[in-house]
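To start, the structure itself, in structure tokens.
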Amino acid sequence: MSKISDSFNAVKNTIPENVTLVVISKTKPEGDILEVYNCGHRIFGESKVQELTPKAEKLPDDIQWHLVGHLQRNKVKFVAPFISMIHSVDSLRLLKEINKEAKKSKRIIDCLLQMHIAEEDTKFGLDRSELIELLESPQFKEFQNVRICGLMGMATFTNNTNQVKREFKGLKLLFHEIKDNYFKENEAFKEISMGMSDDYPIGIDEGSTMVRIGSAIFGERHY
Ligand SMILES: *Cc1c(COP(=O)(O)O)cnc(C)c1O
């Protein structure tokens, strides 16, 4: 029988040192998370606030929690005091709320802007023109309590690896364009969060700096 720690180490060994592994623990119990924690790993991600907050309370304090799922504005206040990075910022209104709650917590919260790169229209995210509109809005320039660290994207769920590759390439190109035009002198803007269990090797080939991996480590999720 394969143990979680074995799968974790097997996955970990395929990831270059300069790529950050975010272990996605949604639907998985605290015991499973501790098994990975006890291998020395500290960066975990969840997709729902209502699942994240009770886990964060019970699990060790030195875990860096990332939020990767769609975030509603009325839930920002529950994660603002402790969240390490939010990958799923997809509107100016949401960013404004994160900025407000970060300020209340006397924090600066690291954020990624989620881009819509998949063909499916079920996935959240900004398109290129919405991204530019956000970055050029006068309001955006006033936010003191959020730090934009890069872009996140989810490829189409398909066996067509060429399509996935194309979508990831597009995200990388966009990242460099945005970096040059808006964040040239800004060292914080450096992350491209792309790649999940089924497509992370392609993500890494295409220049991902962060991969978000759940089921390849914990096994399938049962909802
Ligand atoms: C669930 C989820 C993941 C991890 O998915 P796996 O296929 O289990 O690796 C990554 N990113 C986001 C945004 C997710 O919701």
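Out of all the residues in the range 195-213, is one or more within 10 Å of the ligand (Cβ to nearest atom) and farther than 16 Å from VAL23 by Cβ?
Among the residues of the range 195-213, at least one is within 10 Å of the ligand (Cβ to nearest atom) and farther than 16 Å from VAL23 by Cβ, which makes the answer yes.
Write out, first by first residue and then by second, each pair whose Cβ atoms fall under 7 Å of each other, whose residues are 6+ apart or on separate chains, and whose first residue, in the range 162-188, is free of Cβ contacts under 8 Å to residues at least 12 places away in the same chain while the second is buried (at least 16 other Cβ atoms within 10 Å of the Cβ).
LYS179/PHE189
Being of a type in the set (Asp, Glu) and within 15 Å of the ligand (Cβ to nearest atom) is the filter; apply it to the range 46-70 and report the residue that is surrounded by the fewest Cβ atoms within 10 Å (Cβ to Cβ).
Filtering the range 46-70 for residues of a type in the set (Asp, Glu) gives 46, 51, 57, 61-62.
The next check asks that each one be within 15 Å of the ligand (Cβ to nearest atom); those that pass are 46, 51.
Details: GLU46: 25, GLU51: 15.
Restricting to residues being of a type in the set (Asp, Glu) and within 15 Å of the ligand (Cβ to nearest atom), the top hit is GLU51.
Right, ALA188: among the aliphatic types (A, V, I, L, M) and away from the ligand (no atom under 14 Å from the Cβ) or not? First the steps, then the outcome.
On the way: among the aliphatic types (A, V, I, L, M): yes; away from the ligand (no atom under 14 Å from the Cβ): yes.
For ALA188, the condition - among the aliphatic types (A, V, I, L, M) and away from the ligand (no atom under 14 Å from the Cβ) - is met.
Specify the residue that is farthest from the ligand (Cβ to nearest atom); the eligible residues are those in the range 84-104 that are charged (D, E, K, R) and under 21 Å from ASP61 (Cα atoms). Break it down into steps so the answer makes sense when it comes.
So the first thing to find is which residues in the range 84-104 are charged (D, E, K, R), and the list is 90, 93, 96-97, 100-101, 103-104.
When the remaining residues are screened for being under 21 Å from ASP61 (Cα atoms), the result is 101, 104.
Values: GLU101: 21, LYS104: 26 Å.
In this case the residue turns out to be LYS104.
Taking the conditions exactly as written (among the hydrophobic types (A, V, I, L, M, F, W, C), touching a Lys or Arg at 6+ places or on another chain (Cβ under 7 Å) and either within 16 Å of the ligand (Cβ to nearest atom) or closer than 21 Å to ALA80 by Cα (or both)), does MET152 satisfy them or not?
For MET152, the condition - among the hydrophobic types (A, V, I, L, M, F, W, C), touching a Lys or Arg at 6+ places or on another chain (Cβ under 7 Å) and either within 16 Å of the ligand (Cβ to nearest atom) or closer than 21 Å to ALA80 by Cα (or both) - is not met.
Considering (1) in contact with a Lys or Arg (Cβ under 6 Å, 6 or more places away or on another chain); (2) crowded, with 20+ Cβ neighbours inside 10 Å; (3) farther than 23 Å from VAL211 by Cβ, say which one ASN145 fails and leave the rest.
Just one mismatch for ASN145, condition (2).
I need every pair where a residue in the range 46-66 that is closer than 10 Å to ILE83 by Cβ has its Cβ under 8 Å from the Cβ of a residue that is among the small types (Gly, Ala, Ser) and assigned to a helix (DSSP H, G or I), sequence separation at least 6 or different chains.
TRP65/ALA56
Go through the range 186-223 and report how many residues are among the acidic types (Asp, Glu) and either modelled with pLDDT under 95 or in contact with a strand residue (DSSP E or B) (Cβ under 8 Å, 6 or more places away or on another chain) (or both). Show your work before the answer.
Quick first cut of the range 186-223, residues among the acidic types (Asp, Glu) only: 187, 191, 198-199, 205-206, 220.
Within this subset, residues satisfying the condition of being either modelled with pLDDT under 95 or in contact with a strand residue (DSSP E or B) (Cβ under 8 Å, 6 or more places away or on another chain) (or both) are 191, 220.
Within the range 186-223, residues that are among the acidic types (Asp, Glu) and either modelled with pLDDT under 95 or in contact with a strand residue (DSSP E or B) (Cβ under 8 Å, 6 or more places away or on another chain) (or both) number 2.
Please state which one of ILE204, ILE148, ILE178, ILE132 is within 25 Å of LYS26 (Cα to Cα) and in a helix (DSSP H, G or I).
Result of the check over ILE204, ILE148, ILE178, ILE132: ILE204.
Determine if the range 71-79 includes at least one residue that is away from the ligand (no atom under 14 Å from the Cβ) and either surrounded by 19 or more Cβ atoms within 10 Å (Cβ to Cβ) or of a type in the set (Gly, Ala, Ser) (or both).
Yes.
Can you work out which of the residues in the range 12-37 that are more than 15 Å from the ligand (Cβ to nearest atom) and crowded, with 16+ Cβ neighbours inside 10 Å is nearest to VAL49 (Cα to Cα)?
TYR37
The values are calculated or read from the model by the stated rules, or taken from the named source; none is laboratory data. In this text, all values refer to a predicted model and were calculated from it rather than measured experimentally. Neighbour counts run over all protein chains shown; Cβ positions are idealised from the backbone, glycine included.
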